[in-house]
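J.: One structure, pasted below without further comment.
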Amino acid sequence: MLSYALTFAIACFAMALILNLIRLATAPTKPDRILTIDTMVINVIALIVLYGVQTQSSVNLDAALLLAMTGFISTIAFCKFLLRGGIIE
């Protein structure tokens, strides 16, 4: 039963990732694109975690944690760049 649930969850997050790619291509403004990329990072993190649960590997969870930290910092940097025109003051 768990394998069916994991397969269904992976399929749902993969579909969400595809829909985010469509939104990225049709986003009207730069902030919309930044939010779409942030959502894509979250979906990829979820896929990595689900795959780690499916394969019972802890290495994937470490990779998801690194991707989460990198995604957070990149989102902050993009937003700061849009607001101020530069990242470093």
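Taken together, the values in this text are just the output of simple stated rules run on the coordinates, not laboratory data. This one's a predicted model, so the numbers in the text were calculated from it and none came from an experiment. Cβ atoms come from the backbone with ideal geometry, glycine included; neighbour counts cover every protein chain shown.
J.: What is the Cα radius of gyration of the chain over 2.2 N^0.38 Å, N being its residue count?
T.: Values: Rg = 15.5 Å, N = 89, 2.2 N^0.38 = 12.1 Å.
Rounded to two decimals, the normalised Rg is 1.28.
J.: When only Cα pairs under 8 Å and 6 or more residues apart are kept, what is the percent relative contact order across the chain? List each step's numbers first, then the result.
T.: Working: 60 pairs, mean separation 23.2, N = 89.
For the chain, the relative contact order is 26 percent.
J.: Per residue of the chain, what 222 nm ellipticity follows from adding -39500 (n - 2.57) for every DSSP H run with n ≥ 4, rounded to the nearest 500?
T.: Working: 3 runs with 77 residues, N = 89.
Calculated mean residue ellipticity at 222 nm is -31000 deg cm²/dmol.
J.: Another one. Between L66 and D32, what is the spin-label point distance in nm, taking each point 7 Å from the Cα along the Cα→C-beta axis?
T.: 3.5
J.: Just going by the charge dipole of the range 2-84, with Lys and Arg at +1 and Asp and Glu at -1 on Cβ, which of T26, A46, N60 is farthest out on the positive end?
T.: Most positive-ward Cα: T26.
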